Amino acid sequence: MRWWDIEPVLELEHELFPEDAWSAGMFWSELAHARGPGATRHYVVAETPDGRLVGYAGLATAGDLGDVQTIAAARDQWGTGLGARLLTDLLRAATAFECAEVLLEVRVDNTRAQRLYERFGFEPIGFRRGYYQPGNIDALVMRLSDPASSLSPPPTFQDAVRSETHG
């Protein structure tokens, strides 16, 4: 993800997460830590062949711990494997950052995302009460030990969605 992706990312963010969407400032702050030798973030966008942004994802790292900050796929991409490709990209980045484990929070009512994470080996480890505001929705905290073990072979260029990694 680069600065010019922020506007289309925000459009998708507000469509998918109307109550608790990230602000432009939050994305700018994350991207500030995604470049250079001291980078601690990794952000990626996915576009269709005609250039429409249809997904994005981000990972933050601290020491040997990774944390999935965000992952989103446009509704018309649900069921296409885009979420799995975005998550795979984040887990590759976590492996490159030498993360021993990766954590994430997911809304307790987002069973679609929970199933995706479980397929990759994430396990529930707790809850954060009222984590998503202003709706006061609880978050399920999930952990993946050894992210490298969850990776499949790299995607091919024949994929319908092109993923661009910057960082």
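The values are calculated or read from the model by the stated rules, or taken from the named source; none is laboratory data. Just so it is clear, the model here is predicted, and its values are computed rather than measured. Cβ placement follows ideal geometry from the backbone for every residue including glycine, while neighbour counts extend to all protein chains displayed. Quick note on the areas: whole protein, heavy atoms, side chains included, nothing else; ligands and nucleic acids left out. Shrake-Rupley method; radii C 1.70, N 1.55, O 1.52, S 1.80 Å.
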Review point. For the chain, which whole percent of the accessible surface, found with a 1.4 angstrom probe, sits on carbon and sulfur atoms?
Key: 53
Practice item. Bin width 10 Å, alpha-carbon pairs only: give the P(r) of the chain as whole percents, running from 0 to the bin holding the largest distance. Key: 10, 40, 41, 9, 0
Exercise for review: Using the heavy atoms of the protein chains and a 1.4 angstrom probe, tell me the accessible area per residue for the chain in square angstrom.
Suggested key: 53
Point to revise | Potential lengthening between A62 and E101 on full extension [0.36 nm per residue; Cα-Cα distance subtracted] | key: 13.0 nm
Review point. Counting each DSSP H run of 4 or more residues in the chain as -39500 (n - 2.57), what helix-only mean residue ellipticity at 222 nm follows after dividing by all residues, to the nearest 500 deg cm²/dmol?
Key: -8000 deg cm²/dmol
Practice item. For the range 68-152, run through the GluC sites (Glu not before Pro) and keep only the ones in DSSP coil with at most 13 other Cβ atoms within 10 Å of their Cβ. Key: E98
Check your understanding: When averaged across all projection directions, what area in nm² does the alpha-carbon convex hull of the range 1-73 cover?
Key -> 5.2
Practice item. Report the chymotrypsin sites (Phe, Trp or Tyr not before Pro) located in the range 4-78 that are in a DSSP loop and have at most 16 other Cβ atoms inside 10 Å of their Cβ, or state none. Key: W78
